[in-house]
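Worksheet: the structure to be examined is printed underneath.
The values are calculated or read from the model by the stated rules, or taken from the named source; none is laboratory data. Values in this document were obtained by computation on a predicted structure and should not be read as measured data. Neighbour counts are summed over all protein chains in view; Cβ atoms, including those assigned to glycine, are modelled from backbone coordinates with ideal geometry. To get the accessible areas, we keep the full protein, side chains included, count just its heavy atoms, and leave off ligands, DNA and RNA. Shrake-Rupley method; radii C 1.70, N 1.55, O 1.52, S 1.80 Å.
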Amino acid sequence: MVNHAIAASLMAADLTHLGDEIAAMTHAGIDAFHWDITDGHFVPNLNFGPDHIKQTRSLTPVYFDVHLMVSKPEHWIDIMAGAGADAISFHAELSSDRTTLIKNIHDRDCDAGIAFNPETPLSVIDLKLWQNIDRIIIMTVKPGFGGQGFMDQSEKIRQAATLKEKYPHLQIVVDGGINATTAIKARQAGATTLVSGSFLFGQKNNYEAAIGQLRGDAS
Ligand code: DX5
Ligand code: ZN
């Protein structure tokens, strides 16, 4: 059975003990930390900034996946890479020059990703760009807030899985409303990485078991 990667969305961590949460999740075997970066403009919320990433970077060797939900991703690539990002994703809904953004992310030795809101089809991305993209983030909630209900995007995940047949390095990341039940749906449709915030951080003292449930270890 395929071993799925699990990313912990830090938006749902106990922010009064962010470092301890990162250490506990690392100890529990998490594959990535997912940092939601918002600007109060692309989405109506404010969360983390580069200093959170920078100050916690030395606490864990685990992959830092930065999800930019901002209107001007071009402004943040150097800053997030400098702070310690391993992957930087921007949104498909923006009119930014995608080729340049991807190049700038790669020039900073980070993996490049494109995130899709639930209503945005994969077809907004030019087919020839996919060969340069490392991650697709398929949002299964409206972007900006944790703790929302899962919106089924199985068809889009299946389309992404078809792209992965051509570009095997592509990671299919599903983000939003992931719990032990919705994880099954996402995995069956072809997700390779599941991002979870409220479900995962809701299982205090039991992170290892919660990660196992999302991976489908028992199924
Ligand atoms: C939503 C974020 C998600 C969110 C996931 O805008 O991109 O990463 O934090 O949290 P849950 O798992 O609570 O939906
Ligand atoms: Zn996210």
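Scanning segment 128-145 for residues that are assigned to a loop (DSSP other than H, G, I, E, B), within 12 Å of ligand 2 (Cβ to nearest atom) and buried (at least 21 other Cβ atoms within 10 Å of the Cβ) yields a total of 2.
Yes/no per residue for (1) more than 16 Å from ligand 1 (Cβ to nearest atom); (2) aromatic (Phe, Trp, Tyr); (3) farther than 29 Å from residue 44 by Cβ; (4) out of contact with any strand residue (DSSP E or B) (no Cβ under 8 Å at 6 or more places or on another chain):
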residue: 111; (1), (2), (3), (4): yes, no, no, no
residue: 121; (1), (2), (3), (4): yes, no, no, yes
residue: 145; (1), (2), (3), (4): no, yes, no, yes
residue: 166; (1), (2), (3), (4): yes, no, yes, yes
residue: 171; (1), (2), (3), (4): no, no, no, no
residue: 184; (1), (2), (3), (4): no, no, yes, yes
residue: 187; (1), (2), (3), (4): no, no, yes, no
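Go through segment 191-202 and give me each residue that's away from ligand 1 (no atom under 12 Å from the Cβ) and either hydroxyl-bearing (Ser, Thr, Tyr) or open to solvent by 20 Å² or more (accessible area, probe 1.4 Å) (or both). Hit for segment 191-202 is 192, nothing else. Only one of the numbered conditions (1) buried (at least 21 other Cβ atoms within 10 Å of the Cβ); (2) away from ligand 1 (no atom under 14 Å from the Cβ); (3) at positive phi is not met by residue 157, and that is (3).
All but one of (1) surrounded by 18 or more Cβ atoms within 10 Å (Cβ to Cβ); (2) away from ligand 1 (no atom under 13 Å from the Cβ); (3) under 20 Å from residue 142 (Cα atoms); (4) of a type outside the set (A, V, I, L, M, F, W, C) hold for residue 41; which doesn't? Every listed condition holds for residue 41 apart from (1). In segment 39-67, the residues that are more than 17 Å from residue 78 (Cα to Cα) form Cβ pairs under 9 Å with partners that are among the hydroxyl-bearing types (Ser, Thr, Tyr) and crowded, with 19+ Cβ neighbours inside 10 Å, at six or more places apart or across chains, as follows: 44/38; 45/38; 46/38; 47/38. Is segment 52-73 home to any residue that is small (Gly, Ala, Ser) and at positive phi? The answer is no, given that none of the residues of segment 52-73 is small (Gly, Ala, Ser) and at positive phi.
Note on segment 78-100: residues that are surrounded by fewer than 20 Cβ atoms within 10 Å (Cβ to Cβ) and touching a Pro at 6+ places or on another chain (Cβ under 8 Å) amount to 4. Scanning segment 11-38 for residues being more than 16 Å from ligand 2 (Cβ to nearest atom), open to solvent by less than 40 Å² (accessible area, probe 1.4 Å) and either of a type in the set (Asp, Glu) or outside any helix (DSSP H, G or I) (or both) gives a total of 3. In segment 103-113, what residues are open to solvent by less than 10 Å² (accessible area, probe 1.4 Å) and either at positive phi or touching a helix residue (DSSP H, G or I) at 6+ places or on another chain (Cβ under 7 Å) (or both)? Passing the criteria: 105, 110, 112.
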